[in-house]
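Encoded as structure tokens, the structure appears first; notes follow it.
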Amino acid sequence: MRNSGENLQLTVNNLTFSYNDAGPSDAPTIIFIHGFPFNKSMWAGQVDALKDRYRLIAYDVRGHGDSDAGQEDFAIELFVNDLLSLMDALKLDRVILCGLSMGGYIALNAVLHYPKRFGALILSDTQCTADTAEAKEKRMKAIESIRENGVEKYAEESVKNLFAPESFATKEKEIAAIKSMILKTPEQVLSKTLLALSKRKETCSNLYKIKIPTLILVGEADKITPPAAARVMHEKIQHSVLSTIAHAGHLSNLEHPTEFNDQLQAFLHRCTEKSFSFQKPVWMDR
């Protein structure tokens, strides 16, 4: 029997995961994966906009929000295993997957390794490349800074790069919410995730294998994963749709939710109109 509501708990891989579950039980299911170092609450605006027509699940990635961290070293592959185990526990055969930033890395990895489990893909403000040597060094310095100076300084510096310049005058509530999410993330989780992100593998060379409907969204002022990175994925994923969100940086779903949700709804409508089977019983095919 399905549980619906907010801050639900489910034991997966011997850890407690926290998730929100809204919308009709018999509707196509969308799973939202948040970015780093945020939590499932960042998708509230999308859940509210889509809950009448879709079943929507937003969960906290291992160690983030209210989900347990466990003792293992973090890795994108570990996060993917958690996702698939969560789907199995919820008896979800095939879903639509939506990931932002780190959530996009997880989504790409999942779709490439378990293609039969996913009916459509939404990639927001993410990229397919691995970290450059410069990016890896930056993450190592961030780990050192967190260790020496605590989370407060890291949160202050992070927020500066996450939003479009104009958002600092118009999105005070959203900026405060994101800063609060970062501050609530344990130092060890921040460090373990930064290390995992620095070690992730590129997926660009395998994007041609993605055959499901794919929407790529990017904020026009995204400094972390810029529009050029989105165009690379668009060129490599056959029949993908690329949309640039005006007046938005790296958190386009929060900075311009109206445009983001409009693009999301239009894409989902096209998918369901063409009768893509999102619930084909293939969950034992893993």
May I ask you to list, by number, the DSSP H helices of the chain whose Cα span along the axis is at least 15 Å and whose average Kyte-Doolittle hydropathy reaches 0.0 or more? 76-89, 102-113, 172-183, 187-199
What percent do you get for the relative contact order of the chain when only Cα pairs under 8 Å and 6+ apart count? 20 percent
Once Lys and Arg are counted +1 and Asp and Glu -1 for all other residues with Cβ under 9 Å from that of residue 39, the total becomes 0
Any of 138/173; 153/201; 138/223; 136/223; 40/173; 91/116 with alpha carbons more than 19 Å apart? Name them for me. 138/173; 153/201
What's the extension gain from residue 187 to residue 7 if we count 0.36 nm per residue and subtract their Cα-Cα distance? 62.6 nm
Using the beta-carbon distance between residue 220 and residue 72 and R0 = 35 Å, what value does 1/(1 + (r/R0)^6) give for FRET efficiency, to the nearest 0.05? 0.40
Just the number, please: percent antiparallel of the DSSP beta bridges in the chain, rounded to the nearest 5. 30 percent
Computed magnitude of the charge dipole of the stretch 154-279 (debye, nearest 20; Cβ of K, R +1, Cβ of D, E -1): 640 debye
Evaluate E = 1/(1 + (r/R0)^6) for residue 140 and residue 261, where r is the Cβ-Cβ distance and R0 equals 41 Å; express this FRET efficiency to the nearest 0.05. 0.65
In the stretch 114-184, if the dipole is taken from +1 on Lys/Arg beta carbons and -1 on Asp/Glu beta carbons about the Cα centre, which of 169, 145, 119 is farthest to the positive end? 119
Over all directions, the average projected area of the alpha-carbon convex hull for the stretch 153-286 comes to how many nm²? 10.4 nm²
Inter-probe distance in nm under a simple model that places probes 7 Å from Cα toward Cβ, at residue 241 and residue 147: 4.6 nm
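Could you give the length gained by full extension between residue 208 and residue 273, i.e. 0.36 nm per residue of separation minus their alpha carbon distance, to one decimal place?
Computed gain between residue 208 and residue 273 is 21.0 nm.
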Can you check what the net charge comes to around residue 115, using other residues whose Cβ is under 9 Å from the Cβ of residue 115 (Lys, Arg +1; Asp, Glu -1)? +4
With the contact rule set at Cα under 8 Å and sequence spacing of 6 or more, what percent relative contact order holds for the stretch 60-185? 20 percent
If the convex hull is drawn through the Cα atoms of the chain, its volume per residue in Å³: 117 Å³
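Computed from the coordinates by the stated procedures, all read-outs in this text should not be read as laboratory data. Please read these numbers as outputs of a predicted model, since none were measured by experiment. Ideal geometry is used to build each Cβ from the backbone, glycine not excepted, and the neighbour counts take in all protein chains shown.
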